[in-house]
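Undergrad: Before I ask anything, here is the structure I am working with.
No value in this document is a laboratory result; all are computed from the given coordinates. What you are looking at is a predicted structure, and each value in this text was computed from that prediction instead of being measured. Glycine gets a Cβ as well: all are built from the backbone with ideal geometry, and neighbour counts include every protein chain shown.
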Amino acid sequence: MEEKKDDKIVVGSQNEKLSANLVPFHIQYSGPANTKDYFTVTKQVQVQTDGTEVEVAYFRGCKLVGVNQELPRGYKGYLMNKNEVLQTTGQGPDQQFFSAKIYNTMGEFDKLTIYGHDQPGDAGSQWATLNEWQELSDIIHS
């Protein structure tokens, strides 16, 4: 499936089901990492004193506490890979060049886990209020 809108091309395919995790730090490495040989996933589900369930994980000794956030009413999130290519239109003296962005879908998710240091992530963050923003958008556009 290929869709062209202005200078953007979105290429879709069968998507792998992913688990989205938002961590409260930036990892300054973008190369390959063969983590399956070195690490095992060790998330634990714990119940807090107020009755909410949280996931506890550790990354390089830092304790991370996360809360699951469902995406609003049937929406899906996608992991995209963006590339930019040079395109042409016309031929001869009328030929024009422009750059087009190509977005390839790598996978999809329907919930995400928002982590914080030693405690659940900030309840006022842009990701934690995702459902509220969607409700506001529905009100404005109805």
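Undergrad: With a sphere of radius 13 Å drawn around the Cβ of Ala123, what net charge do the other residues whose Cβ falls strictly inside it have (Lys, Arg +1; Asp, Glu -1)?
TA: -3
Undergrad: Out of all Cα-Cα pairs in the chain, roughly what percent, to the nearest whole number, are more than 28 Å apart?
TA: Tail of the P(r) past 28 Å holds 40 percent of the pairs.
Undergrad: Here is a follow-up. Please give me, ordered by residue number, the chymotrypsin sites (Phe, Trp or Tyr not before Pro) of the range 16-119 that lie in loop per DSSP and have at most 13 other Cβ atoms within 10 Å.
TA: Answer by residue number: Phe25, Tyr29, Tyr38, Phe39, Tyr75.
Undergrad: Once the piece of chain linking Ala33 and His117 is laid out straight, how much longer is it, given 0.36 nm per residue of separation minus the C-alpha distance between them?
TA: 27.9 nm
Undergrad: How large is the dipole of the range 2-140 about the Cα centre if only Lys and Arg carry +1 and Asp and Glu carry -1, each at its Cβ, rounded to the nearest 20 debye?
TA: The calculation lands at about 420 debye.
Undergrad: Identify, among Leu64, Gly90, Phe39, the residue whose Cα sits farthest towards the positive end of the charge dipole of the range 2-140, taking +1 on the Cβ of Lys and Arg and -1 on the Cβ of Asp and Glu, with the dipole about the Cα centre.
TA: Of the options given, the answer is Phe39.
Undergrad: Relative contact order for the range 2-140 using alpha-carbon pairs under 8 Å, separation at least 6, rounded to a whole percent?
TA: Relative contact order here is 31 percent.
Undergrad: If amide hydrogens are placed 1.01 Å from N in the peptide plane, which non-local residues have theirs closer than 5 Å to the one on Met106?
TA: When sequence neighbours closer than 5 places are left aside, the close amide H contacts are Leu79, Met80, Asn81.
Undergrad: Related question: So how tilted is helix 130-140 from the main axis of the chain? Cα-based, degrees 0 to 90, rounded to 10.
TA: The angle comes out near 50 degrees.
Undergrad: May I ask which of Lys63/Lys101; Lys43/Lys101; Lys43/Lys76 have a Cα-Cα span longer than 30 Å here? Intermediate results must be reported in sequence, preceding the final value.
TA: Numbers: Lys63/Lys101 38 Å; Lys43/Lys101 37 Å; Lys43/Lys76 23 Å.
Pairs exceeding the cut-off: Lys63/Lys101; Lys43/Lys101.
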